[in-house]
Amino acid sequence: MRFAYVNGRFLPHREASIHVEDRGFQFADAVYEVWSVRKGRLMDSDGHFQRLERSLGELRIPAPRSRAALEHIISELLRRNRVTNGLVYLQVSRGQARRDHAFPKQRITPTIVLTCKRLDHAAAETRAERGITVITTPDQRWARCDIKTVNLLPNVLAKQAAHEAGAVEAWQVDTDGHVTEGSSTNAWIVTKAGKLVTRQADHGILHGITRARIFKCAQELGLEIEERGFTPQEAYDAREAFLTSATSFVTPVIAIDNHIIANGEPGSLALTLRGAYLREA
Ligand code: PDD
């Protein structure tokens, strides 16, 4: 049986529920985090906890549990669900209150939900060995994409557009014509001169924990990174392209908008960084 954790209780998945007037449900007034679980261990655990604290702080939602308590809940959840390879999903909303856009005047208790599921890392490995394709699409999101909120409708529509085009991911393009990031991943290219390029971590993108780890891996490998936006055209002409996220690690991109990148094979730097990431995270 699958279990979820809701507001202090482990419940069978199909019985786990939240209130109809939860502000996460009504206003997307909630934040979330996703950890990859590999061989029973949370990957990049610290980074994801720190970002959770930051997201909560930016929205002035009180932390519902201490980090130690959360770690304990996560390990119990993984044990009950017998997950050693997969992911953990955590969501915290401001809580439940009569529907009114402004924050409730009375103190309310945040809603906390945790779920986990198994993932087939071998299938992801095959995908990385083959490389994936992406499309570009206008970035239709709000001005604080650095906060990991469940306000994901533009991301949902972008991912759906990618799937309908036979691609795996959509790279969103801002009004200046620069790629910000994927619908659920950060976007990277390698220039002909061998420099890694990824969009600067301002309010326009999620500050990916995998992205930050790749900065460390790149530094150790003596690779140079330029933090700036790049256009779809620069990406079509790049030596390599790849994306990063907690669940996909580093995944080579072999075509963008039907333009084949280089020789259409996964790039060697992307594969080197994937190896380094899996050793270190
Ligand atoms: N997505 N950009 C966006 C918009 C994301 O949603 C994510 C993560 C990332 C990569 O961040 P990280 O390396 O910290 O996973 C970038 C998660 C996995 C999700 O929504 O399922």
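Worth a mention:
- Binning the C-alpha pair distances of the range 30-85 at 10 Å intervals from 0 yields a P(r) profile of 22, 53, 23, 3 %, listed from the shortest bin outward.
- Of the GluC sites (Glu not before Pro) in the range 176-228, those whose Cβ has at most 12 other Cβ within 10 Å and which sit in DSSP loop: E224
- For a straight C-alpha distance cut-off of 23 angstrom, the lysines reachable from K117 (same-chain residues fewer than eight places away being disregarded) are K39, K148, K159.
- Along the axis of the charge dipole computed for the range 56-204 (Cβ charges of +1 for Lys and Arg, -1 for Asp and Glu, origin at the Cα centre), the listed residues C116, H203, V168 are led at the positive end by C116.
- Cα principal axis extents for the chain, largest first, Å: 56, 40, 35
- Here the 3J(HN,Hα) profile of the range 177-192, calculated from phi with Karplus coefficients 6.51, -1.76 and 1.60 at θ = phi - 60°, is x, 9, 5, 8, 6, x, 5, 8, 8, 8, 10, 9, 9, 10, 6, 4 Hz, Gly and Pro shown as x.
- In terms of its C-alpha gyration tensor, the range 113-256 comes out rounded, because the ratio a/c of the largest to the smallest axis stays below 1.5.
- Debye intensity ratio in log₁₀ form over the Cα atoms of the range 3-119, taken at each q of 0.14, 0.23 Å⁻¹: -0.57, -1.35
- In this calculation the C-beta distance from L278 to D257 is compared with R0 = 41 Å, giving a FRET efficiency of 0.90.
- Between the range 194-252 and the range 155-192, the C-alpha centres lie 13 angstrom from each other.
- Rounded if a/c under 1.5, otherwise prolate or oblate - the range 137-196, Cα gyration tensor axes: oblate
- Computed extension gain for S66 through Q233, at 0.36 nm per residue and net of the alpha carbon distance, reaches 55.5 nm.
- Cross-link partners for K216 among the lysines, with Cα-Cα distance under 18 Å and sequence neighbours closer than 8 places in the same chain left out: K195.
Read-outs: derived from the displayed coordinates by stated rules, not from any lab. These numbers were taken from a predicted model, which means no experiment stands behind them. No Cβ is skipped: glycine too gets one built from the backbone with ideal geometry, and neighbour counts run over all protein chains shown.
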